[in-house]
Amino acid sequence: MPASPRCFVIGHPVAHSRSPLIHGGWIAEHSLSGSYERIDVAPADLPTFMARLRSGELTGGNVTVPHKEAVMPLLDQIGEAARAIGAVNTLWREGDRLCGDNTDAAGFLSHLDACVPHWDARTDAALVIGAGGAARAVCHGLRLRGLSRIIVVNRSQGRADDLAQAFGAPLEVRRWTDLPDLVGEAGLIVNTTSLGMKGQPPLDLDLAALRPGTIVDDIVYVPLKTALLEEAQRRGGIPVDGLGMLLHQAVPGFARWFGVTPAVTPALRARLEADILGH
Ligand code: ATR
């Protein structure tokens, strides 16, 4: 491990990334020497950037849109989660080997564990709304916890079918129009779509059939409390917001680059909340 790790998040654009706020907070909290910066890398420049990482000039970092899949053929080693999810969000070096993995599923699970201890022991079926990259991470996490039913619903059903085919049992696909009925079948409902995000229409989900105590997890974190979470809470559900997943997914990368496992503290969360509210 270098005395002063140089870490990064690459994306295009990357100015919106809140990762520097998270990692910068941990560097300061632990009085570490090192840095974490945003680097805008255009798709055509990705191979050159990866050569810089291989050379040892940089220690490791995060990968965001549009590079999460494109980076995979440029790596020497890909972790099991990234292979299952089909995308990489964390990079590091082992000697001159470039390695990558995906920490989104672990982040999703850690946050749920923190909010609702033992949720998996009392959750029979999960309802996952969406079938994009975030849905793949969530489904991977739910499979790891051994849920007996994972129901996937997506506006474009073909994408849900592809996801269920890639993962196999216990995923099953149902129709978008079945959503109001499915709400009553699940102990955990996860919105992985961008609906409800600032600037997007809300996820118009009828929660009339929601069972009290059902966990409703929205991976959207701008706004912090989406209309879906407000409604779930009104109906006796347990709301879980998306900011915790963002914070927890950052932990394994930081631990690799800096050799210190950081904590997701209320103070760190408050800093992120203030940043979100300020925009
Ligand atoms: P990510 O990698 O963040 O999951 P993505 O792959 O673009 O992003 O997936 C976005 C998800 O939001 C998809 O499930 C998408 O549904 P489609 O596959 O039908 O496009 C869903 N989504 C986005 N806008 C939507 C809308 N207006 N109504 C319903 N679903 C929507």
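Any read-out appearing in this document is the output of simple, stated calculations on the displayed coordinates, not a laboratory observation. Given the structure is predicted, the values throughout are model-derived calculations rather than measurements. Cβ atoms come from the backbone with ideal geometry, glycine included; neighbour counts cover every protein chain shown.
List of remarks:
- Between the stretch 133-208 and the stretch 15-48, the Cα center-to-center distance that results, in Å: 31
- Multiplying the residue separation of Asp204 and His30 by 0.36 nm and removing their Cα-Cα distance gives an extension gain of 58.3 nm.
- Total formal charge among the other residues, if their Cβ is under 14 angstrom from that of His23, Lys/Arg +1 and Asp/Glu -1: +2
- Point-charge dipole on Cβ atoms (K/R +1, D/E -1) for the stretch 106-244, about Cα centre, debye to 20: 120
- Cα→Cβ-extended label distance, 7 Å offset, between Asp181 and Glu80, nm: 3.7
- Amide H partners (placed H, <5 Å) of Asp217, local residues excluded: Ile189, Val190, Asn191, Val240
- Shape of the stretch 106-244 from the C-alpha gyration tensor: rounded (a/c under 1.5, with a ≥ b ≥ c the square roots of its eigenvalues).
- Highest mean first, the peptides 61-70, 168-177, 188-197 sorted by other C-beta atoms within 10 Å per residue fall in the order 188-197, 61-70, 168-177.
- The label point for Gln165 and the one for Ala42, both projected 7 Å from the Cα toward the Cβ, are 3.6 nm apart.
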